[in-house]
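Okay, handing you the structure first.
The values are calculated or read from the model by the stated rules, or taken from the named source; none is laboratory data. Given the structure is predicted, the values throughout are model-derived calculations rather than measurements. With ideal geometry, Cβ positions are generated from the backbone for all residues, glycine too; neighbour counts draw on all protein chains shown. Areas reflect the complete protein model, heavy atoms only, side chains present, ligands, DNA and RNA absent. Shrake-Rupley method; radii C 1.70, N 1.55, O 1.52, S 1.80 Å.
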Amino acid sequence: MSEGDANLRARLVAAGVDLVLREGQSAVSLREIARRAGVSHGAPRRYFPTHVDLLSAIAREGFADLTARVQNTLRDVDPDPRTQLTALARTYLNFAAAHRGMFELMFRHDLLNSGRLRLRETSLPLFAVLADLVTQVRQPGDAPAPVLAGALWANLHGIAQLWAWGSLPLATGATDDDALLRATLDAHLGPAPHRPPEDTCHCCTTSAN
């Protein structure tokens, strides 16, 4: 693919991402993306022969965005695996709330099952991060780590969707999803181990030297 072709393809995908973020996946069409990118109606067909190809390219950008957010979050928090799991889960729920259209598009079964643009291979590394952290905190006798991680992911995804639909606030009376997140982690991983509070002031700490 020439540089010009690559640039045009990137413009078309960027237009699709913007459309999904602003109006949701139902608004995405080759014609509308061509209009927004300032090209002829037939131009996108050269790069995206089918609607699924186009949606897969857009979803791939969503996974790249979410992956970067997770990586940045985990780099900035305590390396304790339970703390990292909590931060990962919080990042996931925040992404779902802030980018609802993209979030819904990314996990469409028909896209993931199509094999287009190796979308499954793009999404699986995120699950691998989750499963690795679960491996570090699971207890003897728990379900295998991939199964436990899958159950935790399903619970988080359900919170994201039901919160967005208004069902969880209505049923629980909660005004934010923090308590639901904590309850989910406790349910799947057991209560968080008690960690004594850190000293609030270190100015009086004396050195042994």
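Under the definition of Cα pairs under 8 Å and six or more residues apart, what whole-number percent is the relative contact order of region 16-91?
Relative contact order of region 16-91: 20 percent.
What is the helix-to-structure angle for 3-23, meaning the angle in degrees between its Cα long axis and the longest Cα principal axis of the chain, kept from 0 to 90 and rounded to the nearest 10?
That helix lies at roughly 60 degrees to the long axis.
Compute the accessible area per residue over region 44-118, keeping the other protein chains in place, probe 1.4 Å, unit Å².
47
Can you give me the distance in nm between label points at His51 and Gln161, each placed 7 Å from the Cα along the Cα-to-Cβ direction?
2.0
Within the accessible area of the chain, what % is carbon and sulfur when the probe is 1.4 Å and the other protein chains stay in place?
54
I would also like to ask the following. Per-residue ellipticity at 222 nm for the chain, helices alone: DSSP H runs ≥ 4 residues times -39500 (n - 2.57), over residue total, nearest 500 deg cm²/dmol?
Mean residue ellipticity at 222 nm (helix-derived): -22000 deg cm²/dmol.
Further question: When only DSSP loop residues count, what chymotrypsin sites (Phe, Trp or Tyr not before Pro) in region 101-192 have their Cβ near at most 12 other Cβ atoms within 10 Å?
Trp165
How much length, in nm to one decimal, is gained on full extension between Asn72 and Leu124, taken as 0.36 nm per residue of separation minus their Cα-Cα distance?
Once the chain is fully extended between Asn72 and Leu124, it gains 16.9 nm.
Over the chain, what is the relative contact order in percent, taking alpha-carbon pairs closer than 8 angstrom and at least six residues apart?
Relative contact order here is 18 percent.
Could you go through region 133-145 in sequence order and give the Karplus-derived ³J(HN,Hα) for each residue, using 6.51 cos²θ - 1.76 cosθ + 1.60 with θ = phi - 60°, rounded to whole Hz, and x for Gly and Pro?
5, 4, 4, 6, 10, 5, 9, x, x, 5, 4, x, 3
Ala14 to Ala192: FRET efficiency via 1/(1 + (r/R0)^6), r the Cβ-Cβ distance, R0 41 Å, to the nearest 0.05?
Using R0 = 41 Å, I get an efficiency of 0.50.
Whole-Hz Karplus ³J(HN,Hα) for region 77-91, in order, using 6.51 cos²θ - 1.76 cosθ + 1.60 and θ = phi - 60°, x for Gly and Pro?
10, 3, x, 3, x, 5, 5, 5, 4, 4, 5, 4, 4, 5, 4
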